[in-house]
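Structure, as structure tokens:
The values are calculated or read from the model by the stated rules, or taken from the named source; none is laboratory data. Only a predicted model underlies this, so the values are computations on that prediction, with no experimental measurement involved. Note that we place each Cβ from the backbone using ideal geometry, even for glycine, and neighbour counts take in every protein chain shown.
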Amino acid sequence: MGKLGSVAAVAGGIGLVALALAGWTRQPAVQGGASVTGKVKFTGKAPANPVIDMTEEPKCKAKYTAPAREQIVEVNPNGTLADVFVYVKSGLPASYKAPAPTGPVTLDQDGCRYHPHVFGILVGQTLAIKNSDGILHNIKAKGTKNRPFNISQPTTMTSERTFTASEVMVPLECNVHGWMHAWVGVLPHPFFGVSGTDGSYAIRGLPPGTYTIEAWHEKYGTQTATVTVTGSETKTGDFSFAAK
Amino acid sequence: MNWRRYADHPFWQAAALLVAAFVVIVYVVPLLPGSALVPKSVVLQYMATVLVGVLIYVSDNEERWSRFREPIHAALVEPRLRPVRAGLLVAVPALVGLVAYGQVRTTVAAPPNLRSIHPAPPSEITFRGKTITLTGLDNPLRQHAESLPAYTADGKRIYYQNCLPCHGDHLDGQGHYAPGFNPLPANFQDNGTIAQLTESFVFWRVAKGGPGLPREGTPWNSAMPRWEDFLTEREIWSVIVFLYDQTGWKPRTWEKTESGGAK
Amino acid sequence: MKADRTALLAAVLLSVYPAIRLSAQDTTAGKNVYVKWCAGCHGETGAGDGPAASTMLPRPRNFTGAVYKVRTTASGQLPTDADLMRAIDDGLPGSAMPAWKGRLSDGERRDVMAYLKTFSSFFADTSQHIAALTFSKEPGGGAGAAALKEGRLFYDSIGCRKCHGDQGHGDGPSAPTLKDDAGFPIYAADLHQSWRFRGGPTAADIYRRLRTGLDGTPMPSFSDLIDQKFLTDEQLWRLAQYVRSLSPAETPEVRDVIHAAQIAGALPAAPDDSAWARLDRYWFPLVGQVIRKPRWFAPAVSGVWVQAVHNGRELALRVSWDDRSQSPDTAWLAFERRVLETMASDDSSPPPSAAEPWPDQLAVQFPRHIPDGMERPYFLMGAATDPVYQWRWTSQPRRAVAGLARGIDQFDALPSAPAAQAVYDHGEWRVVFTRALATPDTANDVQLATGRAIPVAFFAWDGSDGEHGSRMAVSTWYFLALDRPTPASVVVSPLIAMVVTLGLGMLVIVRAQRRGGQGGQGGRGAGRRSGV
């Protein structure tokens, strides 16, 4: 239920999602060649995401054919769960040195929703906050390990900020539009991924070792798994969240 | 050179004295710590006193008196002072007319609010159905010295949950609700409130609040709640312990009379 | 070997000791001050959860996150020491935080400021950048029509109205959804009450808040707009000056007596009659009803503006007050629920009922009879034995009734009601009550006599803030005076006094000149002067 609507809605900003995805995949070379990939399954009946009342923002409303919904629980047609942040929580060798971040990660405000809704970023990497709507948004970061920020963007513009400390997750929100929420995982290493529209994620370029992998979802909380990789092998790590 | 001539002259001395007295009474006195604006009628009294003093001074010896009269006389007769004369003839009647108009024109003012700040307490009260004799009563919690810190802490919590909006963080009666009330909430830091009172008096005021005041305490205006509706006897005594602890005042104690009774 | 060790130890001690001593000195002294004067609201651990916290909205600052509203630093940056000192010294107007200057010594305030910083590790983190922004000087001409028009232009173009509303009363479409970082409901500032602005009332204060934002609240920083040349610095100043112009130039002074002038002919019965603009208006602060159960610590109406005029037969009384919502309004139901949940921990009251679509209400209270002495009924809606006469207006159904209140809980309507007309205009209610001065029911209706001080009090409820019954904002007794026109005869006695004084003056001069002409004292005085 609501999947079609969600897919249609996402399609509106698909180009930008692709851009942001490019931001994650264009990650720098790392010391290792192993991968962990997997799917995030979902069981039970998915709750319906609340419909957003956009009557105050006709410009945003015009970007949707079906009524836009919030993106709290995004269940894919294949029964998997999107927008799950999967990352290496611990296990990296002490000698591991993160590569310098290249290029910014872009967060777009389009159609009065955030694209992407859940994403990762490196400590010190630039977050480019783009307003494609051209109406007033404010973007507020409410981290506890990072200093907060709250920027006004009343027009089509891009502001840049960075995070200084590792923190999973930093909530982002717009107070003009109380339904707009995004989540960013700030990490000192590039070993993270977000489950997409097919429910799969991939963490690549891991050095050999035994890792605790955590999967985070905004409504269903966290799950962890332990994975040992050697050389350039690819291990599978599936997660499963159940409706509450 | 010129100012010297004026400074030595009794007429200008007298004028300067009157102006200086006015400035001190109206503008300097209110700045002194613990002072308020001097009411108009009091200013008038002070100025009259100063005027009498000045007149005694200038008429003290014959020569000074005639020198004092010189400028006045000059203003009345000298041809070159004709403009001054004309000005005085216009200004003085105008001033008199203005004062007279102010007296005659009546405007409605708030009636005076004569209020006894510490009215006489009753000798006993009924607290939630229990009779408590106030005369000679001490704070019962003070008999348990070892528990006093606990009572103080209790009192502090109760104060912050209940009394703070009016009596304020600093216990000076300037809480964030204080501007909405008249009379203003009691200032416990002032040496005129709890510092002068027995704890039994404070207990009565807290327990019975504004509605429990006698007529001379203007019970219809006081926003003090009747705390017996909210707090137990022990809670009220705890708050009282806290008030004295936080401000550093000592409660007034009962003087034992010869017959053994309390006064 | 041993000497080496001693030297090393000494070096270590020397390098460490000053630091330890400094922090110990500041923070133990500061801790004592904090525990005694601050912890009651801000909590022993600085988490903003002291015993008084649950009676406050906005809540006391939680120091553990080191997120501060009023700063001179960029959005998200830690405040400077001077920023913290300013909050302590001057307090935060419109909240429960008092100004501590004059209450605590300079040393105590400095010590407590140092101690506050120990609640968060951010202050010890030397990588944190703390630098006050460079603020330009206020451009002149800020009160001019052109400047205000330009300011208004940006008020609209950068979307201030989304939260603060079209006319700045804090009633924008996003206002009912606002939360602070802790999730508590937060009101968009009412820009017509600059004396309640946390960071100060001047245009310069407003400009700084626009540059820095109010961290922990929905109010963002607008500095990026200047950096990206979307706005010039001067344009931001114009916006600040426009916002300043919405409030009175001075903090309204509370005057005891409302003077109702007498006019000839019809009274302005409509709330927006142009006659009202020419009449003096009086401000009366309202505060939460915390005297009878259930108490109410989050009053939404901070005061009322009152104007009155009469024509010898009738009285028209206009009461205007800022209210973010035209209650009942379903858009505010969720906000109301959050307010009730936030204030629910008031231990003395039964838990508030669920959010309901209450109307807005206003009560104007008089004694039944104008007292001859100073005695009057209990200000908080009278008592069973001594009721008060009230006009009660509700927004839904929109009507006014008259009645007798016998305490908060009992209101008995009387058959005759005052006429009332009301408008809700972008966050402000304006209600005009009209009633004959004299009525047939002399036992219950106050008979409004001219030239008397008639006690009057005001009560207001914002339904969308969960207010009804005893959950309301109250005032104490003030007075209404129906002025009599100054009769022409009043000028007679001053005129007589003036003529008499003039005559006496002439007499004195004539007599003195006659004597002076005969070579009296004037000649002698002149002679002495020539010798000087």
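Structure notes:
- Test set (1) closer than 30 Å to residue C:155 by Cα; (2) in contact with a Gly (Cβ under 8 Å, 6 or more places away or on another chain); (3) touching a residue at least 60 places away in the same chain (Cβ under 8 Å); (4) not basic (Lys, Arg) - residue A:162 fails condition number: (3)
- The set of residues in the range B:67-84 that are surrounded by 16 or more Cβ atoms within 10 Å (Cβ to Cβ) and either out of contact with any Ser or Thr (no Cβ under 8 Å at 6 or more places or on another chain) or not assigned by TED's automatic domain parsing to the domain that holds residue B:11 (or both) comprises B:67, B:69, B:70, B:71, B:73, B:74, B:75, B:76, B:77, B:78.
- Restricting attention to the range B:1-59, the residues that are within 21 Å of residue B:99 (Cα to Cα), exposed (fewer than 15 other Cβ atoms within 10 Å of the Cβ) and not hydrophobic (A, V, I, L, M, F, W, C) total 5.
- Selection count where residues are crowded, with 19+ Cβ neighbours inside 10 Å, of a type in the set (A, V, I, L, M) and more than 7 Å from chain C (Cβ to nearest Cβ), scope the range A:136-168: 2
- Looking at the range C:425-508, the strands (runs of 3 or more DSSP E) lying wholly inside it that each contain 3 or more residues that are touching a Leu at 6+ places or on another chain (Cβ under 9 Å) sit at C:428-436, C:453-461.
- Just one of the listed residues (C:280, C:256, C:227, C:205) is acidic (Asp, Glu), at negative phi and in contact (Cβ under 8 Å) with a residue 60 or more places away in the chain, namely C:256.
- Of the helices (runs of 4 or more DSSP H) contained entirely in the range C:95-208, those carrying at least 1 residues that are within 13 Å of chain A (Cβ to nearest Cβ) fall at C:145-157, C:161-164.
- When the residues of the range C:407-426 are filtered to those that are away from chain B (no Cβ under 14 Å) and out of contact with any strand residue (DSSP E or B) (no Cβ under 7 Å at 6 or more places or on another chain), the one that is surrounded by the most Cβ atoms within 10 Å (Cβ to Cβ) is C:424.
- Residue within the range C:454-474 that is in the same structural domain as residue C:295 (by TED's automatic domain parsing), free of Cβ contacts under 8 Å to residues at least 24 places away in the same chain and of a type in the set (Ser, Thr, Tyr) present: no
- Residues in the range A:58-79 that are among the charged types (D, E, K, R) and touching a helix residue (DSSP H, G or I) at 6+ places or on another chain (Cβ under 9 Å): A:63, A:69, A:74.
- Among residues of the range B:95-141, those that are small (Gly, Ala, Ser), surrounded by 13 or more Cβ atoms within 10 Å (Cβ to Cβ) and either modelled with pLDDT of 95 or more or not assigned by TED's automatic domain parsing to the domain that holds residue B:233 (or both), counted: 3
- One residue from C:66, C:114, C:74 being under 20 Å from residue C:36 (Cβ atoms) and not assigned by TED's automatic domain parsing to the domain that holds residue C:199: C:114
- If you go through the range B:223-235 and pick out every residue that is aliphatic (A, V, I, L, M) and either part of a helix (DSSP H, G or I) or closer than 12 Å to residue C:291 by Cα (or both), you end up with 2.
Quick grid of which residues meet (1) part of a helix (DSSP H, G or I); (2) over 30 Å from residue C:457 (Cβ atoms); (3) not assigned by TED's automatic domain parsing to the domain that holds residue B:137:
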| site | (1), (2), (3) |
| --- | --- |
| B:170 | no, no, no |
| B:173 | no, no, no |
| B:183 | no, no, no |
| B:187 | no, no, no |
| B:204 | yes, no, no |
| B:221 | no, no, no |
| B:237 | yes, yes, no |
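- Sub-7 Å Cβ pairs linking a first residue in the range B:78-98 that is over 11 Å from residue C:502 (Cα atoms) to a second residue that is among the hydrophobic types (A, V, I, L, M, F, W, C) and surrounded by 12 or more Cβ atoms within 10 Å (Cβ to Cβ), at least 6 apart or interchain, are B:81/B:74; B:81/B:75; B:84/B:75; B:85/B:75; B:85/B:76; B:85/C:509, ordered by first then second residue.
- Residue in the range B:148-165 that is within 12 Å of another protein chain (Cβ to nearest Cβ), within 20 Å of the chain's Cα centre (by Cα) and either closer than 30 Å to residue C:303 by Cα or free of Cβ contacts under 8 Å to residues at least 40 places away in the same chain (or both) present: no
- Residue in the range C:237-254 that is farther than 30 Å from residue A:143 by Cβ and within 8 Å of another protein chain (Cβ to nearest Cβ) present: yes
- Every test in (1) away from chain C (no Cβ under 12 Å); (2) under 24 Å from residue C:183 (Cβ atoms); (3) surrounded by fewer than 18 Cβ atoms within 10 Å (Cβ to Cβ) is passed by residue A:117 save one, and that test is (3).
- Qualifying position, being more than 14 Å from chain B (Cβ to nearest Cβ) and in a loop (DSSP other than H, G, I, E, B), among C:271, C:294: C:271
- Inspection of the range B:64-82 finds no residue satisfying the criterion of being polar (S, T, N, Q) and under 30 Å from residue C:453 (Cα atoms).
- Residue B:252 passes every criterion in (1) surrounded by fewer than 19 Cβ atoms within 10 Å (Cβ to Cβ); (2) within 12 Å of chain C (Cβ to nearest Cβ) apart from (2).
- Criterion: among the β-branched types (Val, Ile, Thr) and outside any helix (DSSP H, G or I) - qualifying residue of B:24, B:38, B:52, B:42: B:38
Quick grid of which residues meet (1) part of a strand (DSSP E or B); (2) within 9 Å of chain B (Cβ to nearest Cβ):
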{"site": "C:308", "(1), (2)": "yes, no"}
{"site": "C:320", "(1), (2)": "yes, no"}
{"site": "C:331", "(1), (2)": "no, no"}
{"site": "C:342", "(1), (2)": "no, no"}
{"site": "C:364", "(1), (2)": "yes, no"}
{"site": "C:375", "(1), (2)": "no, yes"}
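- Residue C:386, sole failed condition from (1) buried (at least 17 other Cβ atoms within 10 Å of the Cβ); (2) within 14 Å of chain B (Cβ to nearest Cβ): (1)
- Pick from the range C:507-524, criterion at pLDDT 80 or above and more than 7 Å from chain B (Cβ to nearest Cβ), ranking: farthest from the chain's Cα centre (by Cα): C:514
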